[in-house]
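Notes follow once the structure below has been shown.
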Amino acid sequence: FSSRRRHTRYWRDWSSDVCSSDLYQIRNLITRDVYVGSSVDVTYRWSQHRWLLRQGKHHSLRLQIDWDKYGEAAFSFELLEQVSDVASLAPREQHHIDTRKPIYNGAEVASGRVESKRQHKTVQGLLF
């Protein structure tokens, strides 16, 4: 298998997950530490997190260190909340950051960054 085919096959294995505006967490099943995030396309965002972690280039150094230490199987991706209005993503993410106090988030403030459809397609083309 070429690298592209391998990624495409893996993509199909979990692409049936919800694809909407959601809040999610990445949980370390061993330490119970979490990373909280939001996205207009959580399926794509989870793919992006895993790709960065597998490459050793994730923006959360603590998450990267634990991913390398415990391995991919020690982590789960969990939906926290579905949001119907994109403008509500950042405030709801902030709520989950405030209440869950995630160790892996580098900032205590939600970024409020929502990727555009064009940006999503551009990055997706680079990843797969």
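The values are calculated or read from the model by the stated rules, or taken from the named source; none is laboratory data. Quick caveat: nothing in here was measured; it's all calculated off a predicted structure. Every residue, glycine among them, receives a Cβ derived from its backbone with ideal geometry; neighbour counts consider all protein chains shown. These area figures cover heavy atoms from the full protein model, side chains too; ligands, DNA and RNA do not enter into them. Shrake-Rupley method; radii C 1.70, N 1.55, O 1.52, S 1.80 Å.
Ranked highest first by the average count of other Cβ atoms within 10 Å around their residues, in what order do 56-63, 67-74 fall? Display every interim value, and only then the final one.
Numbers: 56-63: 14.9, 67-74: 12.8.
Taking the mean over residues of other Cβ atoms within 10 Å, the ranking is 56-63, 67-74.
Which order do you get for LEU52, LEU89 if you rank them by accessible area with a 1.4 Å probe, largest at the top?
On the way: LEU52 40, LEU89 5 Å².
The ranking, largest first, comes out as LEU52, LEU89.
Find the Rg to Rh ratio for the range 45-102, where Rh is the Kirkwood radius over alpha-carbon pairs and Rg uses the same atoms. Walk me through the intermediate numbers first.
Values: Rg = 13.3 Å, Rh = 13.0 Å.
Taking Rh as the inverse mean 1/r over Cα pairs, Rg/Rh reads 1.02.
How large is the accessible surface per residue of the range 42-89, computed with a 1.4 Å probe and reported in Å² as a whole number?
Dividing the accessible area of the range 42-89 by its residue count gives 53 Å².
Can you list residues whose amide H is under 5 Å from SER39's amide H, if they're 5+ apart or on another chain and H is modeled 1.01 Å from N?
When sequence neighbours closer than 5 places are left aside, the close amide H contacts are ASP22.
Give me, ordered by chain and number, the residues 5 or more places off PHE75 or on other chains with an amide H under 5 Å from its own placed amide H.
LEU29
Give me the extension gain from SER76 to LYS57: residue separation times 0.36 nm, minus the current Cα-Cα distance, reported in nm with one decimal.
Values: separation 19, 0.36 × 19 = 6.84 nm, distance 1.88 nm.
Between SER76 and LYS57, full extension yields 5.0 nm more.
Which value, in Å² rounded to 10, gives the accessible area of HIS49 with a 1.4 Å probe and all protein chains present?
Surface accessible to solvent at HIS49 totals approximately 0 Å².
Rounded, prolate or oblate: which fits the range 15-80 when a ≥ b ≥ c are the square roots of the eigenvalues of the alpha-carbon gyration tensor, with rounded for a/c under 1.5 and prolate only if a/b beats b/c? Could the numbers behind the result be given before it?
Values: a/c = 1.91, a/b = 1.53, b/c = 1.25.
Prolate, because a/c is 1.5 or more and a/b exceeds b/c.
Explain nothing, just compute: Karplus ³J(HN,Hα) = 6.51 cos²θ - 1.76 cosθ + 1.60, θ = phi - 60°, for every residue of the range 85-102 in order, whole Hz, x for Gly and Pro.
10, 4, 5, 8, 4, 4, x, 6, 4, 4, 4, 5, 5, 5, 8, 8, 6, x
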